[in-house]
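Q: The structure that follows is given in the form of structure tokens.
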Amino acid sequence: MSISAVGNTGAVTAGTALENTNKSLLGSDEFLKLLTVQLSSQDPFNPMDDKEFISQMANFSSLEQMSTLSKNFSSFSARQEQLSSQTFLGKQVSIQQGSADAITGIVSSVGIDSEGAIYVTVNGNQYSVGDVKTVSLPSGLTE
């Protein structure tokens, strides 16, 4: 379905609305603007089918719910990673960075840097949690 202004009313066309999004994905505001233009620009003698309108609104609602779910899951995942990294405290870890020799030591602290990445402190140095290859009890605590 093509959306365009009826007559010379200076109404925004779908093309203009899409250009204003800077070629990014349509958000809720852009979708509602586009829908408003579509409704205000339709031919009064041949209005949009109710079923089509309801379908568009249902699709928009589903998209919003999926977006919210995705944000919530990302937040949950980050929090879960933070909580699980705390289990490294007091444990002996082996850290491998690239082809360098593995570094072994006891984790003295766990933190989050300014970019939100989780790190462990071993032998006074900070390492990314992703570089931890093995975790074990310190040698004095093994059975």
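Q: Checking Phe88 against (1) over 27 Å from the mean Cα position of the chain (by Cα); (2) in contact (Cβ under 8 Å) with a residue 24 or more places away in the chain, which test does it fail?
A: Only one criterion is unmet by Phe88, namely (1).
Q: Would the range 54-67 turn up any residue that is among the acidic types (Asp, Glu) and either touching a strand residue (DSSP E or B) at 6+ places or on another chain (Cβ under 6 Å) or free of Cβ contacts under 8 Å to residues at least 12 places away in the same chain (or both)?
A: There is no residue in the range 54-67 that is among the acidic types (Asp, Glu) and either touching a strand residue (DSSP E or B) at 6+ places or on another chain (Cβ under 6 Å) or free of Cβ contacts under 8 Å to residues at least 12 places away in the same chain (or both).
Q: Of the residues Ser84, Ser94, Ser128, Ser139, only one is open to solvent by 70 Å² or more (accessible area, probe 1.4 Å) and more than 30 Å from Ser28 (Cα to Cα); which?
A: From the options Ser84, Ser94, Ser128, Ser139, the qualifying one is Ser139.
Q: Taking the conditions exactly as written (free of Cβ contacts under 8 Å to residues at least 24 places away in the same chain and not hydrophobic (A, V, I, L, M, F, W, C)), does Ser136 satisfy them or not?
A: In short, no.
Per-residue answers, yes or no, for (1) outside any loop (DSSP other than H, G, I, E, B); (2) among the hydroxyl-bearing types (Ser, Thr, Tyr); (3) modelled with pLDDT under 80:
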position	(1), (2), (3)
Thr9	no, yes, yes
Asp29	yes, no, yes
Asp43	no, no, yes
Pro47	no, no, yes
Leu69	yes, no, no
Gln82	yes, no, no
Gly105	yes, no, no
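The values are calculated or read from the model by the stated rules, or taken from the named source; none is laboratory data. Fair warning: this is a prediction, and the values are worked out from it, not measured in the lab. Because the Cβ atoms are built from the backbone with ideal geometry, glycine has one as well, and the counts that use them run over all protein chains shown. Remember, those area values only see protein heavy atoms, side chains included, never the ligands or the DNA or RNA. Shrake-Rupley method; radii C 1.70, N 1.55, O 1.52, S 1.80 Å.
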